[in-house]
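K.L.:
Take this structure first; my questions come after.
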Amino acid sequence: MSKSQKAKSLFEPSIVWPAIIDSMKKLDPRHQIKNPVMFVVLIGSILTTGLWLQALLGYGEAPAGFILAVSLWLWFTLLFANFSEAMAEGRGKAQAASLRRVRRDTPAKKLLKPKYGSTYETVSATTLRKGDVVLVEAGDFIPMDGEIIDGVASVDESAITGESAPVIRESGGDRSAVTGGTRVLSDWLVVRISANPGQTFLDHMIAMVEGAKRQKTPNEIALSILLAVFTLIFLLATVTLLPFSIYSVTTSGHGNPVTVTVLVALLVCLIPTTIGGLLPAIGIAGMDRMIQANVVAASGRAVEAAGDVDVLLLDKTGTITLGNRQAVDFIPAWGLTVESLADAAQLASLSDETPEGRSIVVLAKEKYRIRERHILELNAKFIPFTAQTRMSGVDLGDGRQIRKGAVEAIEAYVNKLGGSFPEDLKSTIESISKSGGTPLVVAEQTRVLGVIHLKDIVKGGIRERFAELRRMGIKTVMITGDNHLTAAAIAAEAGMDDFLAQATPETKLKLIREMQAGGRLVAMTGDGTNDAPALAQADVAVAMNTGTQAAKEAGNLVDLDSNPTKLIEIVKIGKQLLMTRGSLTTFSIANDVSKYFAIIPAAFVSTYPALATLNIMRLATPASAVLSAVIFNAIIIIFLIPLALRGVPYKPKPANSLLRNNLLVYGLGGIIAPFIGIKLIDMILVVLHLV
Amino acid sequence: MNWFNLVQTAIFLSALLLLVKPLGIYMALVYEGKPAGLNVWLAPVERWIYRLSFIKPDMSMSWKTYAAAVMLFNIIGIIVVYALQRLQAYLFLNPMSIPAVPPDLAFNTAVSFATNTNWQSYGGETTLSYLTQMLALTVQNFVSAATGMAILAALIRGFVQKQVETIGNFWVDLVRSTIYVLIPLALILSLILVSQGVVQTFKSSAKVALLQPTKDADGKIISEQTLALGPAASQVAIKQLGTNGGGFFNVNSAHPYENPTALSNFLETLAILLIPAALCYTFGFMVRDRRQGWAILAAMLIIFIPCLLSCIYFEQKGNPLFDRLGVDQNATALQPGGNMEGKEARFGVTSSAVWATATTAASNGSVNSMHDSYMPLGGLIPMWLMQLGEVIFGGVGSGLYGMIAFVIIAVFIAGLMIGRTPEYLGKKIESYEMKMASLMILIPPILVLVGTAVSVVLPQAKQAIFNPGTHGFSEILYAFSSTANNNGSAFAGLSTNNFFYNLTLGLVMFFARYWLVIPILAIAGSLSRKKVVPATQGTLPTHTPLFILFLVMVVLIVGALTFFPALALGPIVEHLMLGGG
C-alpha cells in the first residue's frame, strides 16, 4: 500500500458514516464522564440548552437566538470530539472485521494419537482445547494456534501478515509455530494446539485493533491529570467572574452582569477541548499505525514504551549479517599455490551442505575456475563434521585425505599424524580473526595447505539504520555467539555501539538486567525459544511471527513481517504517539490567549467601555466575538482530526531541535492561528448577517 | 525612564549575582554535611542542640515522617505564637503595657508568621509587646524560613539519591538552616543596619518636643510627638533575609527607624533576593550539574527583569491626570519625578519600584513604599508576580520548590513534544509526580479566586473597602494574592483587621503553605525511590536557552491565563479608564 492510498482512505465513506452515528451515541454521559474535559463541555451544552428554553419562555438573560447559537456550537464541539474517536475506532473495526473473516469455523482433523498416520475424527475447531493434536493436510485451514510436532509444509499466512508468498513451517527449531486461520498449501503437518478458543493470536489481534481492551497508558494518565487541572483552573477563573462582574456593575453603576451563556462559552473555549477531545483518537490511531506496520502490540503500554527505548539488543545472525558466513579468500601456506589450496578446499566441501561449505565451492569455482566435481565420480568418501572431531573432509579414492576445520582441531590432527603446523600461517590466522573473520584450516594428511577466510557479510544499508537510531538517542548492542574478536570486528563494520560476545541465554538476561538497573529501557528482538527469557525481561520485546510460540508469548509486540529492523518503525510510532499528544496540548493551551482577547472585552464592555481597547481583533459585536471564539474552538477539532489520526511527523533529531521545531509550529502557531481564525469567522458571521 | 533608573537597577542586579555563587556553594556544603568553615566551628553547638532535644541526627526519614515532623513543628509554632499574643499583658518585656491581642487577630498573626507570610493585620508598635515581637515573631521569622529551606533540601535529595526510601532528617535540616545560614547572615546584616541608624533598644517609646507645635482635629495644641522604639534591627535583618517581611513598625521599611539611609535600603533590598537566588546555585551544586541551577535562576530573571523595568517605567511616567493639569512630573536635578504618591522622598521612584518588585517576586512582603498608591499598571506588576505562585525567587526554599513543580510540568509537556517519557535530572516524571505538581500549581489560584469572589459578594467583606470601584476590587484581589502565595505585602486601602478577614486570610495562608508542603515532599519521596536514567542524545537537556524560555512560557501562561480576567476587571481597566495608554 502506498502512502497516497492510505491518505485517501482517511475519510473513507464506509468509515465516516458509521462514525457519524457513533458520535451521536457517544453523547451518553456515562461515556463522557471518562473524559473530564469533554464532560464539562457536556454540562455546559445542557446548561445553555436550558437557558435557551428559558429564553423562549420570555425570561432569557440574552436573546434566544444568541443562546441557541452558542448552545448548538457547544453540542457540535462534543460531536466533533466524539467523531474523531469514532473515526479512529472505525478504522480499527474495519481491520478487525477482515481479521474476523479469517477466524472461520473450520472442521479439524483431531488425531486420536499424537503422531502422523493415526486415525482422526473430524470435529469443529471451536471444540478444540489446548493440548489436542490435529492433522492439517494440503488445502486445510489450520484450526487454531499450535506447535508443529511433525512434518514440514508450506503455509499461506497472507490472512495474518498480508504477505502473499507462502512460508515454510516445520517441526523443531524456530519455525514450528503456526497460527489459526492460515492455510497449508502443500504437504501435511501434525500440530499440537497451544491455545484455547478465544485466546488465540487472532482473537488477541482482533481485540487490539477494536480497542476493546484499551487501557490508558501511563503517559496518557499523567496527561489526563494535567488536563483535568487546567480544566479546574479555568472553571474557577470563569465561575468567579460572575461575582467579580456583579461587584463591578454595582460599583460602576452601568452595564449588566455577564450572562451565564457567555461564561459557559468562555469556559469551553478555555479548557483544553482540542486535546481533550482528540486524546482518545490519538491513542487508538497509534495502535492502528502499529497494525499498519504489521506489528501487533500486546498493549498500548508497549507502544508507548517503544518511544522511550534507550538500548536496542539485536541478534547478529539474520539481523545485522546475512544468515551465514561465506568464504571470501584462500590463503595458501608457504610454497603452495592458491589454486592447489582452492582445489583441495573445494574437494573437502563438495558434500558439505552447510552454507559455509557451499560458499567454499562457489568461491573456488568463481575465482579460480575450478569446476565442481561430483563426489561419486571421484570415488570419494565424505567425512561429516562431528562435535568430537570438529572438522569435516573427504577421503578420496586415490588415498588422499583432506580435512578442513577449526585451527585447534586441525593442529591436533596434523600433530597426531606426525606433521607440524607451519608458523607462517599462525599470523595469517590471527589477522583473519582480528578482522572479524573465521579462519578455516585445510590440511592433507600431515601437510597444512592453507587457510580459508570465512566472513560474516553485513547486510546492506544496516549501518545507515543504526546511525539513524543513534540520532534518536538509541544505543545498539549486537548479541552473538562468536568470540570477542569476531564480534568486535563485525560490530565495528556494522556501526554498532557495543556487543555481547559468546552470548548464552544467561548472559543475555544478565546484560538486560544490568542495563535496566542502570535506568535504561531495553528493547530486543528475538525468535528462538532460547530468546524467551531475555524477551520476557526486556521492556520492549519484539517477537518474530516466524518464531516459536514461547518467543511470541514472551514478547509484548509481534512483528508479522519478521523483520528484525522493524524496531526502528516501532520506536518511531511510539514517539509519534507521545509527540502528537504533547503538540496538541501545547496548541490547545496556546489557543487560549486569543480567546481571552475575544471574549473578555465582549463580556465586560457594557460595564467598562474602556475595555474595548482589549478587542484587538476588532470583532464586530460582543455577540459575534463570543460566537466566533466558540465556533473556532469547535471547528479546530475537525481540522485536527487528520493530524490526530496520522500523528505528528517524526524525524530523528537531537531532542533540543525537535522541541524547538514543535514549539514553533504548535506553540507559536497555536497562539497566532486562532487570532486569524476567529477574525475570519467573525467576518463571515457579519457578511451572513448572522449577528 | 532615565539612565539613573537603569544604572541603579544594574548595580542592584550585579551585586545580587556576585553573591549567588559563594553563598550557594556554602549552603550546599551545609546541607551535604561537608565542612564549610562555620559548620565546623559551631559543630559542638549543633550536637548540643540534638542531645538536648533528643534528636537522632543520623536517622533519615521517609517523606511521610518528614512531612509529619514539618507539620508538628509548625502547628506547635502557631500555638506558641498565639499563646504569647494572648498572654503578653501578663508577661515581662512589655514596657508600654500593651493588652492581649484579640483572638481572631492573634490567630491571623500566628498563622501569618508560621507560614512565612507575615501578613500584618496589626500595627506592630501599638499591638505587640517587645517579648511577643522577639520570642514569637522573630523566632518564627527564623524557623519558618528554615522550614522552607529544609523542605527544599529534602527535595534536592530526592533528585540526587538513587532507590532510597528516605529523604533526610527534618530536624537536622531545620537546625542547620537556622544556625549556619540564617543566624550568621542576620547577625551581619543587623550590625550593618544598626550602624546606619536602625534602632535596637528595649526602652519604651520616646517623647520628643515638636519644633513647630500643631493643632489636632479638635483644635487642641499638640507640642510633642511619640517616637516608637524597640529591638528593631534584629527583626528587620531576618525579615528581609528570610522572605518574611513582617515589619517591626506598622509602615515597615518605609519607617526611618527600620530603613534610614540609601545604604540600608540597598542592603535590605539585596537581602530580599539573596537567599532565594543563591539557593538556585545550591540546587545546581547539589545535583552535580551547576547549569541546572543557573537555568532556573535565568528563568526567574527573565521574568523578573522585564517586570522590574515595567514597574519603574510606569511609576516614572507618572500620573496622566497630573499631566493634564500641567504638573511637571519629569525627573530633574531637584525632583525625582514620576508618581511619588506613597513613596518616601529619600528613596524615590527607582528604589521604591525595585523594592516593590523584589518583595513580591520573592515572597517577602516587606515594603518601603505603599503599593496601593502605585499607578494601576505599576501596581499590577507586584500583584501579578505574587499570582505567578511566588516562584520568581519566591520564599526561601519554597520559591525554588514551587518553581521545580513548574519545571516538572514543563518537562512533562516538553517530553511529550519530543516523543519521550519525560525525565528531569535523570528521574522519570510519571503520573504520581504530575498529580502532586498539579496540586501545587492548582491550590494558590483556587485560594486567590475563591477568596476574592467571596469577599466581593459578602456585605461584611465589602464594607472594609475604602476605595470602591475598580481600585477596591484590586485591593481585595491583592490581599488574597498576597496571602494565598504567602507573600504578606498589603495593598492597604482595605481594613483587614476584622473577624471576617482575619479568619479567611488566616485560613488561606495556612492552606497555601501546608497544602504545598505535602505534595512537594511526596514528590521528593517518590523521586528518591527512582533509578537515575543516564542521559542520551534523546534526552531533553534542561539547561538550554530553549528549555529556559519554555519554562518561562509555562509559568507565564499558567499565571496569565488564570488571572487575566480578574486583572482585566481590576488594574487593567483602571489603567484604561485613566486614559493613560
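The values are calculated or read from the model by the stated rules, or taken from the named source; none is laboratory data. Source: prediction; values computed, not measured. For neighbour counting, all protein chains shown are included, and Cβ atoms are generated from backbone atoms with ideal geometry for every residue, glycine included. These area figures cover heavy atoms from the full protein model, side chains too; ligands, DNA and RNA do not enter into them. Shrake-Rupley method; radii C 1.70, N 1.55, O 1.52, S 1.80 Å.
K.L.:
Within the bounds of the range B:572-580, is there any residue that is within 12 Å of chain A (Cβ to nearest Cβ), touching a helix residue (DSSP H, G or I) at 6+ places or on another chain (Cβ under 9 Å) and open to solvent by less than 10 Å² (accessible area, probe 1.4 Å)?
P.N.:
yes
K.L.:
Every residue in the range B:14-42 that is at pLDDT 95 or above and among the aliphatic types (A, V, I, L, M), please.
P.N.:
B:Ala15, B:Leu16, B:Leu17, B:Leu18, B:Leu19, B:Val20, B:Leu23, B:Ile25, B:Met27, B:Ala28, B:Leu29, B:Val30
K.L.:
Could you please find all residues in the range A:225-251 being aromatic (Phe, Trp, Tyr) and facing chain B (nearest Cβ under 7 Å)?
P.N.:
A:Phe244, A:Tyr247
K.L.:
Does any residue of the range A:252-270 turn out to be farther than 30 Å from B:Thr470 by Cβ, in contact with a helix residue (DSSP H, G or I) (Cβ under 8 Å, 6 or more places away or on another chain), buried (at least 20 other Cβ atoms within 10 Å of the Cβ) and within 13 Å of chain B (Cβ to nearest Cβ)?
P.N.:
no
K.L.:
Moving on to the next point. Take the residues in the range B:370-414 that are small (Gly, Ala, Ser), more than 18 Å from the chain's Cα centre (by Cα) and farther than 27 Å from B:Gly24 by Cβ; name whichever of them is least open to solvent (accessible area, probe 1.4 Å).
P.N.:
B:Gly378
K.L.:
Of all residues in the range B:506-550, which are within 7 Å of chain A (Cβ to nearest Cβ) and part of a loop (DSSP other than H, G, I, E, B)?
P.N.:
B:Lys531, B:Val532, B:Val533, B:Pro534, B:Thr536, B:Gln537, B:Gly538, B:Thr539, B:Leu540, B:Pro541, B:Thr544
K.L.:
How about the range B:421-469: which of its residues are closer than 30 Å to B:Ser526 by Cβ, open to solvent by less than 40 Å² (accessible area, probe 1.4 Å), in a helix (DSSP H, G or I) and hydroxyl-bearing (Ser, Thr, Tyr)?
P.N.:
Of everything in the range B:421-469, those that are closer than 30 Å to B:Ser526 by Cβ, open to solvent by less than 40 Å² (accessible area, probe 1.4 Å), in a helix (DSSP H, G or I) and hydroxyl-bearing (Ser, Thr, Tyr) turn out to be B:Ser431, B:Ser438.
K.L.:
Okay, next question. Among the residues of the range A:116-130, which ones are within 15 Å of A:Thr106 (Cα to Cα) and not in a strand (DSSP E or B)?
P.N.:
Scanning the range A:116-130 gives A:Ala125, A:Thr126, A:Thr127, A:Leu128, A:Arg129.
K.L.:
Look at the range A:493-519 and say how many of its residues are within 12 Å of chain B (Cβ to nearest Cβ) and closer than 17 Å to A:Phe466 by Cβ.
P.N.:
Matching residues across the range A:493-519 total 1.
K.L.:
Can you report the number of residues in the range B:554-571 which are among the hydrophobic types (A, V, I, L, M, F, W, C) and more than 7 Å from every other protein chain (Cβ to nearest Cβ)?
P.N.:
Here the count works out to 7.
K.L.:
In the range A:583-615, which residue that is small (Gly, Ala, Ser) and touching a residue at least 60 places away in the same chain (Cβ under 8 Å) is nearest to the other protein chains (Cβ to nearest Cβ)?
P.N.:
If we take residues in the range A:583-615 being small (Gly, Ala, Ser) and touching a residue at least 60 places away in the same chain (Cβ under 8 Å), then A:Ser583 is nearest to the other protein chains (Cβ to nearest Cβ).
K.L.:
Looking only at the range A:299-319, filter to residues that are part of a strand (DSSP E or B) and closer than 19 Å to A:Glu553 by Cα; which one of those is nearest to the other protein chains (Cβ to nearest Cβ)?
P.N.:
Filtering first and then ranking leaves A:Leu313.
K.L.:
Is it the case, given these coordinates, that B:Leu270 is of a type in the set (A, V, I, L, M, F, W, C), open to solvent by 10 Å² or more (accessible area, probe 1.4 Å) and under 25 Å from B:Ala154 (Cα atoms)?
P.N.:
In short, no.
For every residue, the table says whether it meets (1) touching an Asp or Glu at 6+ places or on another chain (Cβ under 7 Å); (2) among the acidic types (Asp, Glu); (3) within 26 Å of A:Ala305 (Cα to Cα); (4) free of Cβ contacts under 8 Å to residues at least 24 places away in the same chain.
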| residue | (1), (2), (3), (4) |
| --- | --- |
| A:Lys426 | no, no, no, yes |
| A:Ser435 | no, no, no, no |
| A:Val448 | no, no, no, no |
| A:Arg463 | no, no, yes, no |
| A:Met472 | no, no, yes, no |
| A:Leu485 | no, no, no, no |
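K.L.:
Note down all Cβ pairs under 6 Å where the first residue falls in the range A:131-157 and is more than 19 Å from A:Ala195 (Cα to Cα) and assigned to a loop (DSSP other than H, G, I, E, B), the second is hydrophobic (A, V, I, L, M, F, W, C) and open to solvent by 10 Å² or more (accessible area, probe 1.4 Å), and they're at least six residues apart or on different chains.
P.N.:
Listed by first residue and then by second, the contacts come to A:Gly151/A:Trp188.
K.L.:
Another question, then. Hey, can you tell me all the residues within the range B:226-253 that are part of a helix (DSSP H, G or I) and open to solvent by 10 Å² or more (accessible area, probe 1.4 Å)?
P.N.:
B:Ser234
K.L.:
Just checking, does the range B:325-333 include any residue being part of a helix (DSSP H, G or I) and out of contact with any His (no Cβ under 8 Å at 6 or more places or on another chain)?
P.N.:
no
K.L.:
Right, A:Leu577: away from every other protein chain (no Cβ under 14 Å), in a helix (DSSP H, G or I) and in contact (Cβ under 8 Å) with a residue 12 or more places away in the chain or not?
P.N.:
Taking the combined requirement at face value, the residue does not satisfy it.
K.L.:
Quick test of your reading of the structure: A:Asp498 fulfils all but one of (1) under 27 Å from the mean Cα position of the chain (by Cα); (2) at pLDDT below 85; (3) farther than 20 Å from A:Ala554 by Cβ. Name the failing condition by number.
P.N.:
Here A:Asp498 clears every test but (2).
K.L.:
Is it the case that A:Gln549 is among the polar types (S, T, N, Q), touching a strand residue (DSSP E or B) at 6+ places or on another chain (Cβ under 8 Å) and away from chain B (no Cβ under 14 Å)?
P.N.:
Answer is yes for this residue.
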